[in-house]
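J.: Below is one structure. I have some questions about it.
What follows draws every value from the coordinates through simple rules; no lab data is involved. The model shown is predicted, which means the values in this text are computed figures rather than measured ones. In this analysis, Cβ positions are derived from the backbone assuming ideal geometry, glycine residues included, and neighbour counts consider all displayed protein chains.
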Amino acid sequence: MALPRERLTTEAVQLHGQPSPAQQAILSPQALAFLADLHRRFDTRRRELLAARRERQARWDAGELPDFRADTAAIRESEWTVGPIPPALRDRRVEITGPVERKMIINALNSGAKVFMADFEDSSAPSFANQLDGQVNLRDAVAGKLAYTSPEGRHYRVDANPAVLVVRPRGWHLPERHLTVDGEAMSGALVDFGLYAFHNARALHRRDLGPYFYLPKLECMEEAALWDAVMAHAEAELDIPPGSMKVTVLIETLPAAFQMHEILHALQSRAVGLNCGRWDYIFSYLKTLRGHRDRLLPERGQVQMTVPFLKAYSELLIQTCHRRGAFAMGGMAAQIPIKGDAAANEAALAKVRADKLREVQAGHDGTWVAHPALVPVAQAVFDEYMPEPNQRDVERDDVRVGREQLLAPCAGTITRSGFDNNVEVCLRYTAAWLDGQGCVPIHHLMEDAATAEIARAQLWQWLHHGGVEFQDHAPIDFALFDHALAAHAHRLRDSNVPGAARVDAAARLLRELIHADTLADFLTLPAYEQL
Ligand SMILES: CC(=O)SCCNC(=O)CCNC(=O)[C@H](O)C(C)(C)COP(=O)(O)OP(=O)(O)OC[C@H]1O[C@@H](n2cnc3c(N)ncnc32)[C@H](O)[C@@H]1OP(=O)(O)O
Ligand SMILES: O=CC(=O)O
Ligand SMILES: [Mg+2]
């Protein structure tokens, strides 16, 4: 039963930080009361679910392997479909994603993509200022008031027919330490969701635009059910009809790949699709199977979507979604445009094109791009091979993917340059993140929290499983790592790369994480203490 709004007081939420006047408008007494209510109703369950993640991981560390659940077989075997897909989400052939920075939001909305995923997660460094400014920007976008003038005097405003807005809150694991309720840090997910819903849900609903969400890093159906309960409660509180909030779930953890039907089922009326979040998925494969010496991965450049375990996962996702009437969204190629070198740029675009071709031919209904210049590249491929708004009629009943295929080991090698690149990317990304930037180009690739996590988890695995060797049989050892880290830190400290000023802090953190006996669950958790 909903608590009467007047019984909630803003004293319930303690603010630890100094918001600007614009940010304070987002943290109005009513908005804070809404957040406190979400916290008190749902945070205990969130913590229980995080504890359950740790229990499952302990079993996998002890030698078990993930599997399909016996207790949910009826959900997988029975016939049912997700609810109707709203008109605004029936053609999602190209979705652009990006951090919730003012200029980038305008560029993304104007990019020609069907959808813009505004990201509080992988591509955001969640400083309080970044998160609150992101909320200000999204509120202005929804209100039709988003404009920006760059320091060079260039004016930006949102054009007619912008992309449809979908928001990705932080995952269940991340805290928001600047807001506490009853002495407890709030969940980043509930803060991002709560503030966005509070300020925008009614306006979006009036225009038949949701609100719509992408949900990151879920590991099981119970975590999806928690989101469903949060949204059902928010809909009632905000006076919008039940089921107005629609979600697309990223299948980007190995455990979730075993529960795709269950996750859609848990969200049934509000689920509109699943997305192959390939980068976190690779990270999750590494993390989940961190104790299994026979499933080490080769260097990350070799772990392409065509390797057996990733092909299996993406095809199972398409088959699952289409059986349930949901959209099967593809993921993001890491290549971005290269300025000032036409040949290198064309080679990068060719890789993006090949990735999109694989996706559309496999049966995906749409895809993600990292940069506005990639919208026409991806769109040309989807327009050619998917003339209808989507291809949910492609059943893929030829796909036979079971446990063995999802867990298949991956052949390949570790080269010295692959090892060194992991060290450099980890260091540069962590430094940029500590400096407030959640997505950066490194060697012409998009690097964000998920791609950096792959590099970190690989380094940890290679160093902690005894006897791992380079392709040329030289041993991989801690001295090599320490040396590479120090050399990169020395080189970058006085450079002009994003976050150069935080290189030493990043190097200290990485040294600690890579030497630790246990692979830390997320790089961003200890890093958040320093943000
Ligand atoms: C694993 C995952 O979770 S994937 C999802 C998370 N990752 C992302 O969303 C990637 C987002 N992309 C980005 O942040 C950027 O494209 C980067 C960091 C990869 C590259 O950034 P830059 O090197 O600055 O790009 P570049 O200089 O070519 O940008 C050119 C213009 O495009 C804009 N732009 C670049 N990427 C985006 C984007 N994703 N959305 C909106 N605008 C963008 C820039 O703001 C710039 O605008 P301007 O000309 O008006 O100044
Ligand atoms: O969020 C997307 C991913 O690939 O990770
Ligand atoms: Mg991700």
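J.: Counting other Cβ atoms within 10 Å, which GluC sites (Glu not before Pro) in the stretch 74-112 have at most 16 and lie in a DSSP loop?
T.: Values: sites: Glu77, Glu79, Glu95, Glu101; in loops: Glu79, Glu101.
When the GluC sites (Glu not before Pro) of the stretch 74-112 are filtered for loop state and at most 16 Cβ neighbours within 10 Å, Glu79 remain.
J.: Which net charge results when you count Lys and Arg as +1 and Asp and Glu as -1 among the other residues whose beta-carbon is under 13 Å from that of Thr180?
T.: Details: positive: Arg40, Arg177; negative: Glu11, Asp43, Glu176, Asp182, Glu184.
Residues near Thr180 contribute -3 overall.
J.: In debye, nearest 20, what is the charge dipole magnitude of the chain about its Cα centre with +1 on Lys and Arg Cβ and -1 on Asp and Glu Cβ, if you could check?
T.: Working: 58 positive and 69 negative charges, 145 e Å.
Dipole magnitude for the chain comes out near 700 debye.
J.: Taking Cα centroids, how far is the stretch 472-531 from the stretch 26-68 in Å?
T.: Centre-to-centre distance over Cα atoms comes out at 28 Å.
J.: Using a Cα-Cα cut-off of under 13 Å, which aspartates and glutamates could be cross-linked to Lys287, ignoring same-chain neighbours fewer than 8 residues away?
T.: Asp61, Glu219, Glu252, Glu453, Asp521
J.: Toward the positive end of the charge dipole of the chain, about the Cα centre and with charges on Cβ (Lys, Arg +1; Asp, Glu -1), which of Ala33, Val181, Ala344 goes farthest?
T.: Ala33
J.: Check Ile442: other-chain or 5+ apart residues with amide H under 5 Å from its amide H, H built from backbone geometry?
T.: Counting only residues 5 or more places away or on other chains, the set is Glu447.
J.: Quick one: if you stick a label point 7 Å off each Cα along the C-beta vector at Leu531 and Thr44, how many nm between them?
T.: Those two pseudo-labels are separated by 2.8 nm.
J.: May I ask you to list the aspartates and glutamates whose Cα is less than 13 Å away from that of Lys351, ignoring any residue fewer than eight positions away on the same chain?
T.: Those aspartates and glutamates meeting the cut-off are Glu359.
J.: Quick one: which residues, 5+ away or cross-chain, put their amide H under 5 Å from the amide H of Tyr214? H built at 1.01 Å from N.
T.: The list, which skips near neighbours in sequence, is Val167, Arg168, Thr248.
J.: Quick one: what are the phi-derived ³J(HN,Hα) couplings along the stretch 509-519, Karplus 6.51/-1.76/1.60 with θ = phi - 60°, whole Hz, x for glycine and proline?
T.: Listing the rounded values in order: 5, 5, 4, 4, 5, 6, 7, 4, 5, 10, 6 Hz.
J.: Excluding residues fewer than 8 places away in the same chain, name every one of the lysines whose C-alpha is closer than 17 Å to that of Lys356.
T.: Cα-Cα hits under 17 Å: Lys114, Lys311.
J.: Rounded, prolate or oblate: which fits the stretch 218-292 when a ≥ b ≥ c are the square roots of the eigenvalues of the alpha-carbon gyration tensor, with rounded for a/c under 1.5 and prolate only if a/b beats b/c?
T.: Working: a/c = 2.84, a/b = 2.58, b/c = 1.10.
Prolate, because a/c is 1.5 or more and a/b exceeds b/c.
J.: Using θ = phi - 60° and the Karplus form 6.51 cos²θ - 1.76 cosθ + 1.60, what ³J(HN,Hα) does each residue of the stretch 292-309 get, whole Hz, x for Gly and Pro?
T.: Values, residue by residue: 9, 4, 7, 10, 4, 9, x, 4, 5, x, 8, 8, 8, 5, 8, 6, x, 5 Hz.
J.: Got a sec to turn the phi values of the stretch 437-448 into Karplus ³J(HN,Hα) couplings, 6.51 cos²θ - 1.76 cosθ + 1.60 with θ = phi - 60°, whole Hz, x for Gly and Pro?
T.: 10, x, 8, 9, x, 10, 6, 6, 10, 6, 10, 9
J.: For the chain, just say rounded, prolate or oblate: build the C-alpha gyration tensor, square-root its eigenvalues into a ≥ b ≥ c, call rounded for a/c under 1.5, and beyond that prolate if a/b exceeds b/c, oblate if not.
T.: Values: a/c = 1.29, a/b = 1.18, b/c = 1.09.
Rounded shape, in that the Cα axes give a/c under 1.5.
J.: Between Val164 and residues 5 or more places away or on another chain, which pairs have amide H atoms under 5 Å apart, with H built 1.01 Å from N, and which residues are they?
T.: HN-HN under 5 Å from Val164: Val115, Phe116.
J.: To the nearest Å, what is the center-to-center distance of the stretch 392-457 and the stretch 232-296, using C-alpha atoms only?
T.: Computed from Cα coordinates, the inter-centre distance equals 18 Å.
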